[in-house]
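*Asks:* I'd like to ask some things about the structure below.
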């Protein structure tokens, strides 16, 4: 996969160089520096363990985008990502790396096909299954070949990919293939349909296909967003998400429900998986800013309210309640891994006796556009432990407490 992609990228680069003659080239520079300070207390939901953390995350990017003419484009972007803990130590990050390096050919095959090859971001729909995960200090990129077909009123993306520079932001080390169709204006709304194949025989899930669809539409002052997916192959699973909302004065209000299947015997060698695999998502957008939850083994009810403060600021309140779909499966966090107890074990009761009520989360977020090149954001989150967390901790001889999260982030961009 990677060898073939490198060969294709090389041929595209040669073709780009040949097409330079007589062109009116355009060269642009982009840059970003982001600093985020985080405080997390009682992430394991007990005050008995000293798991509180204080970290500062640094990310800096510098990129070039070159367009010799309307048909050809190429881009390269470097990234430096680092983290420091409360004692000034350097936490694990990727350091200096190539974040993007791709060549794009537009208007091929009767001006209907675009081809993009190289290290690139892949983001589709609302990023529940495929997203760039920009909240993460490293972010996610793929080494991929992608073809985009522009039909009359619709678009089809076809790609083959493998995780690029950020293996810590994915759930697979294998190959990832997809077809993603979009109808931007179908029956007064937007329709999306997809078939995604994850093929990684080094993982417990091995090879499976995700089939799904998403529909969004305004209805008068209201709007709705519905998505559903099933998985077949070495995984047989399902997931669905529903959200409705409307404007009420200056407030944007919404509420919804999410669900995803679990497994009574997760990860058993030779067993058939029924826990939904949510692929390469940006979970931070959907299940709370504290990142305790993934679209896996889940029932979730949520409500949001967002309002502007003047012309350059906004405030948001977000409430989530979580339950396990299958009380014998793990409680999975945003990375797709099980949440950990203070003793290093996992939040799971294989008997199901701990129940399914995980807990509730409240997030408060304030954002400010401080200038044309500077964005500021601050947030606070609190998670109330439910009966499932309490029973797991009591089984370890521990009392339970809530978890807190505070952050401040400044992003400069050009």
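The values are calculated or read from the model by the stated rules, or taken from the named source; none is laboratory data. Note that the structure is predicted; figures quoted are calculated from it, not measured. Cβ: placed from backbone, ideal geometry, glycine included. Neighbour counts: every protein chain shown.
*Asks:* Confirm whether residue 257 is assigned to a strand (DSSP E or B), in contact (Cβ under 8 Å) with a residue 12 or more places away in the chain and under 20 Å from residue 388 (Cβ atoms).
*Replies:* yes
*Asks:* While we're looking at this one, here's another question. Return the pairs, sorted by first residue and then second, in which the second residue is modelled with pLDDT under 95 and in a loop (DSSP other than H, G, I, E, B), the first residue lies in segment 292-310 and is over 11 Å from residue 331 (Cα atoms), the beta carbons are less than 8 Å apart, and the residues are 6+ apart or on different chains.
*Replies:* 307/250; 308/250
*Asks:* While we're looking at this one, here's another question. If a residue has to be in a strand (DSSP E or B) and buried (at least 19 other Cβ atoms within 10 Å of the Cβ) to count, how many in segment 374-392 make the cut?
*Replies:* Taking segment 374-392 first, the residues in a strand (DSSP E or B) are 374-385.
Filter once more, keeping what is buried (at least 19 other Cβ atoms within 10 Å of the Cβ): 379, 381, 383, 385.
Total satisfying the criteria: 4.
*Asks:* Still on this structure: Could you say whether any residue in segment 300-311 is in a loop (DSSP other than H, G, I, E, B), touching a helix residue (DSSP H, G or I) at 6+ places or on another chain (Cβ under 8 Å) and over 20 Å from residue 265 (Cβ atoms)? Full working, then the answer.
*Replies:* Filtering segment 300-311 for residues in a loop (DSSP other than H, G, I, E, B) gives 310-311.
Imposing the further condition that a residue be touching a helix residue (DSSP H, G or I) at 6+ places or on another chain (Cβ under 8 Å) reduces the set to none.
No, every residue in segment 300-311 fails to be in a loop (DSSP other than H, G, I, E, B), touching a helix residue (DSSP H, G or I) at 6+ places or on another chain (Cβ under 8 Å) and over 20 Å from residue 265 (Cβ atoms).
*Asks:* Also, quick follow-up: Looking only at segment 200-221, count how many residues are in contact (Cβ under 8 Å) with a residue 24 or more places away in the chain, surrounded by 14 or more Cβ atoms within 10 Å (Cβ to Cβ) and either closer than 19 Å to residue 296 by Cα or over 21 Å from the mean Cα position of the chain (by Cα) (or both).
*Replies:* Of the residues in that region, 12 qualify.
*Asks:* Now, a different point. Can you give me the number of residues within segment 305-339 that are crowded, with 19+ Cβ neighbours inside 10 Å and closer than 19 Å to residue 368 by Cα?
*Replies:* Residues flagged as crowded, with 19+ Cβ neighbours inside 10 Å and closer than 19 Å to residue 368 by Cα within segment 305-339 amount to 1.
*Asks:* So, one more: Do you know which of the residues in segment 267-283 that are part of a loop (DSSP other than H, G, I, E, B) and modelled with pLDDT of 90 or more is nearest to residue 133 (Cα to Cα)?
*Replies:* 282
*Asks:* For segment 345-373, which positions are over 26 Å from the mean Cα position of the chain (by Cα) and either within 20 Å of residue 296 (Cβ to Cβ) or assigned to a loop (DSSP other than H, G, I, E, B) (or both)?
*Replies:* 349, 350, 351, 352, 353, 354, 355, 372
*Asks:* Pick out the one residue from 342, 399 that is at pLDDT below 95 and surrounded by 16 or more Cβ atoms within 10 Å (Cβ to Cβ).
*Replies:* Every option except 342 fails the conditions.
*Asks:* Still on this structure: Scan segment 321-338 for residues that are part of a loop (DSSP other than H, G, I, E, B) and in contact with a strand residue (DSSP E or B) (Cβ under 7 Å, 6 or more places away or on another chain) and report the count.
*Replies:* Adding up the residues that qualify gives 4.
*Asks:* Here is a check on your reading of the model: is residue 401 assigned to a loop (DSSP other than H, G, I, E, B), touching a residue at least 40 places away in the same chain (Cβ under 8 Å) and farther than 16 Å from residue 285 by Cα?
*Replies:* Values: assigned to a loop (DSSP other than H, G, I, E, B): yes; touching a residue at least 40 places away in the same chain (Cβ under 8 Å): yes; farther than 16 Å from residue 285 by Cα: yes.
Yes, satisfied.
*Asks:* Which of the residues belonging to segment 172-196 are closer than 13 Å to residue 280 by Cβ, part of a strand (DSSP E or B) and free of Cβ contacts under 8 Å to residues at least 40 places away in the same chain?
*Replies:* 177
*Asks:* Which residue is nearest to the chain's Cα centre (by Cα), if the candidates are limited to segment 110-147 and must be more than 27 Å from residue 35 (Cα to Cα) and surrounded by fewer than 19 Cβ atoms within 10 Å (Cβ to Cβ)?
*Replies:* Filtering first and then ranking leaves 147.
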